[in-house]
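Throughout, read-outs are computed from the coordinates displayed, never taken from laboratory work. Just so we're clear, the structure is a prediction, and the values are computed from it rather than from any experiment. Cβ placement follows ideal geometry from the backbone for every residue including glycine, while neighbour counts extend to all protein chains displayed.
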Amino acid sequence: MLKSFSNKVVLITGASSGIGKALAIQLLQLGASVAICARNPQKLLDVEQELKHPNLICVPADVSVEADCQRFIKQSFERFQRIDILINNAGISMRALFEEVDLSVLKQSMDINFWGTVYCTKYALPYILQAKGSIAGISSIAGYKGLPCRTGYSASKFAMQGFLESLRVELLYKGVNVLWISPGFVASNIRNTALNAKGNHQQETPLDESSIMSAEECANRILASIDARKRSLMMSFQGKLTVWANRLFPNFADKQVYKHFANEPDSPLPKI
Ligand SMILES: NC(=O)c1ccc[n+]([C@@H]2O[C@H](COP(=O)([O-])OP(=O)(O)OC[C@H]3O[C@@H](n4cnc5c(N)ncnc54)[C@H](OP(=O)(O)O)[C@@H]3O)[C@@H](O)[C@H]2O)c1
């Protein structure tokens, strides 16, 4: 039982769906007060009505816009009078060859996945320092190994991890824990909203979403790692194997990763 979340104030970006929504539900059950944001106001309203909880606030905000992040943090503090934990979860993915992709896809990936983390962390940090709390980033195996057709996604997650690791060391003696979490494949909306070469949502998933980890299990493991004040968490065996192989046998890892992604249904990567 994760007792440390009781009476804590937790902010989660991108929590109208998937992992973020599952985190919000579990945190409310554990007695935390929760502030969430996402872009689509209707989806946020649906979550608000579904959860109907007095300790939940939902703030429409686009994390790629600095002023929105500042407002999200301000409104959360005004409502709850403290901030203990920030979970930088909002993210988008992509699937396109770099040769073919519109560069706006890479810009959006960086603006949301990386800059969204930087902006929210910047404005929440004074409160988290006061509370000696935690800052978490939901990264990916793509933050350790460059993945084909995900140039912008991998770049944004590498950048996010570099930012969080630097900050972790800066805050080492200030009582704030900084960690990043790398799930494997988790059932969510992320592959439907992944951007294609033209910057449109691909609107389909190449995976059987029912056969991969649930967002609930993923959220449970994220909360356990925040509770234990870990430095990082890599969730899947496949992810650990990929990162390990990439360190020891990088050429072999490149070929295995190529094969895996070329074999996905409708992969833009030519089969060899
Ligand atoms: N699912 C996986 O297999 C997997 C694996 C590794 C890592 N991750 C990471 O886990 C995180 C959560 O993804 P998920 O799988 O739960 O995806 P999801 O179901 O698509 O949820 C993404 C959430 O982020 C919000 N969002 C997207 N862009 C935003 C923006 N600019 N500002 C504010 N909110 C924004 C979305 O709402 P709006 O569109 O309304 O804004 C939605 O609530 C992401 O960072 C992702 O990279 C996922």
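Table for the structure above
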{"read-out": "Checklist (1) more than 14 Å from the chain's Cα centre (by Cα); (2) crowded, with 20+ Cβ neighbours inside 10 Å; (3) touching a residue at least 60 places away in the same chain (Cβ under 8 Å) applied to ALA136, failing item", "value": "(1)"}
{"read-out": "Long-range neighbours under 8 Å by Cβ, at least six apart or interchain, first residue over 21 Å from LEU86 (Cα atoms) within the stretch 27-54, second more than 14 Å from the ligand (Cβ to nearest atom) and assigned to a loop (DSSP other than H, G, I, E, B)", "value": "none"}
{"read-out": "Failed condition for GLY146, given (1) in contact with a helix residue (DSSP H, G or I) (Cβ under 8 Å, 6 or more places away or on another chain); (2) crowded, with 18+ Cβ neighbours inside 10 Å; (3) under 23 Å from SER64 (Cβ atoms)", "value": "(2)"}
{"read-out": "Single match in ALA224, ALA197, ALA219 (criterion: closer than 19 Å to ILE87 by Cα and more than 12 Å from the ligand (Cβ to nearest atom))", "value": "ALA224"}
{"read-out": "Hits in the stretch 166-184 - residues which are touching a strand residue (DSSP E or B) at 6+ places or on another chain (Cβ under 8 Å), farther than 17 Å from GLY239 by Cα and not hydrophobic (A, V, I, L, M, F, W, C)", "value": "ARG168, ASN177"}
{"read-out": "Selection count, the stretch 152-187, where residues are buried (at least 20 other Cβ atoms within 10 Å of the Cβ) and among the charged types (D, E, K, R)", "value": "1"}
{"read-out": "Hits in the stretch 151-194 (condition: more than 16 Å from the ligand (Cβ to nearest atom), of a type outside the set (Asp, Glu) and over 24 Å from LEU23 (Cβ atoms))", "value": "SER166, VAL169, LEU172, TYR173, LYS174"}
{"read-out": "Those residues of the stretch 108-118 which are more than 10 Å from the ligand (Cβ to nearest atom) and either in contact with a Cys (Cβ under 9 Å, 6 or more places away or on another chain) or farther than 12 Å from THR151 by Cβ (or both), in sequence order", "value": "PHE114, VAL118"}
